[in-house]
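A.B. asks: Submitted below is the structure of interest, expressed as structure tokens.
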Amino acid sequence: MKTLKMLILVVAVTFSSALQASTDPIKTDPVKTIKKKKKRKSVVPNSVEATIGDLLKNPTFKFYEGMSADVEITINEKNEMVVLSVDTQNKAFENFIKTRLNYKKISKDAITYQRRFKFPVILTKKK
């Protein structure tokens, strides 16, 4: 009986060490994982209005004073803005708003219970 217990113990130790030695850990490059995490631009202002204001600064197209658009966005489960509609006559202005706002992250502090926003955007010249 004593030898049977000893034999079971030796087999168990051998089996467990063989299993442990046969594992192949996944090697990850820390630089690559950091780059993967930085795919989307994260914005940190403390309100949705401040975030949108920061993102729409310095337009890259020629505009005239007082251009306006009615914009409707929603916040998805990844805390990203998704532009639902832009109501304006100027196509360049519409594309500018969509490219600057679509899928940009918002800090969790900025998001309230409201997940859908409708607001006017009016361009003015910097003084």
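A.B. asks: For region 65-78, what are the residues that are loosely packed, with under 15 Cβ neighbours inside 10 Å and touching a residue at least 12 places away in the same chain (Cβ under 8 Å)?
C.D. replies: Hits for region 65-78 are E65, G66, S68, D70, E72, T74, K78.
A.B. asks: Show the residue pairs that are 6+ apart or on different chains and have beta-carbon atoms under 8 Å apart, the first residue being within region 82-100 and touching a residue at least 60 places away in the same chain (Cβ under 8 Å), the second being surrounded by 14 or more Cβ atoms within 10 Å (Cβ to Cβ) and not charged (D, E, K, R).
C.D. replies: The qualifying pairs do not exist here.
A.B. asks: Can you tell me which residue among I97, I34 is at pLDDT below 75, under 22 Å from the mean Cα position of the chain (by Cα) and not charged (D, E, K, R)?
C.D. replies: I34
The values are calculated or read from the model by the stated rules, or taken from the named source; none is laboratory data. This is a predicted model, so every value here is computed, not measured. Don't worry about glycine lacking a Cβ; one is built from the backbone with ideal geometry, like all the others, and counts go over all protein chains shown.
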